[in-house]
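For reference, the structure is listed below as structure tokens.
The values are calculated or read from the model by the stated rules, or taken from the named source; none is laboratory data. Predicted, not measured: the structure shown is a model, and the values here were computed from it. Neighbour counts run over all protein chains shown; Cβ positions are idealised from the backbone, glycine included. The area values use the complete protein model at the heavy-atom level, side chains included, leaving out ligands, DNA and RNA. Shrake-Rupley method; radii C 1.70, N 1.55, O 1.52, S 1.80 Å.
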Amino acid sequence: MRHPTAHPATRSWPRARLALAVALLSAAPLAHAVMLGDAQAQAVLGRPLHLHIALRSDDGGAIDAGCLKVQLDSGDSQVPASQLHIALRALGDGTQELSVDTTRALLEPFAVLTVKLACGYQIARTYTLLVNPQTPERAPQSGQSAPLVVLPQAAQAPSPQQPDATVAREQEQAQQQARARAAARRRLEQLRRERIARERRAALERRLRAQRALRLAHARHVA
């Protein structure tokens, strides 16, 4: 008994699909790797933020400033772009430096900076900054007054010692710093838990997509 032979167009279909897949892969742009260094920041409560990050691409090429997207959150609020000064300059050894400065003072005990690169790089990094409280400073000494002439008078009982205003002010500032650190630690822990939850959701979504793709491929193979 002679079995029917497959039509030539049917036999060439897998080869056509393979050729199409190779063409699409060759036409897709390759993503370049970029190293985002650690943040060197001057973050002090009540003062503007000054921050520097080193960038370097794997091919040694310069990164266009238009490929950068920077977002700064102070506490739970996003800092408007109009209050950010962003600059990118070359350091001369194939490395570039990203500078982020704010025009207004930081008023929250922590800040979160997100740096994203597009234009084929497709990389992002989040920096969590703990804003340091200001160092307490003593009040400036006032100028010396003219000497007083002390007249002899009857002995009086010594008056009780008055509390030092400077010490009281330093104690109050220390308490404020402790409260700010505690609030920052609580917020950082909350951010850590939210990040772990997002990563778990993303992993679950990737696993579900992979399962759907396998089921779809199996259904096509059976058909």
Gln42 vs. criteria of a type in the set (S, T, N, Q) and either touching a residue at least 12 places away in the same chain (Cβ under 8 Å) or touching a strand residue (DSSP E or B) at 6+ places or on another chain (Cβ under 6 Å) (or both): yes
Per-region count, the stretch 82-137, residues within 26 Å of Asp64 (Cβ to Cβ), part of a strand (DSSP E or B) and of a type in the set (Phe, Trp, Tyr): 1
Residue list for the stretch 53-89, filter: open to solvent by 70 Å² or more (accessible area, probe 1.4 Å), modelled with pLDDT under 90, more than 17 Å from Ala33 (Cα to Cα) and of a type in the set (Gly, Ala, Ser): Ser77
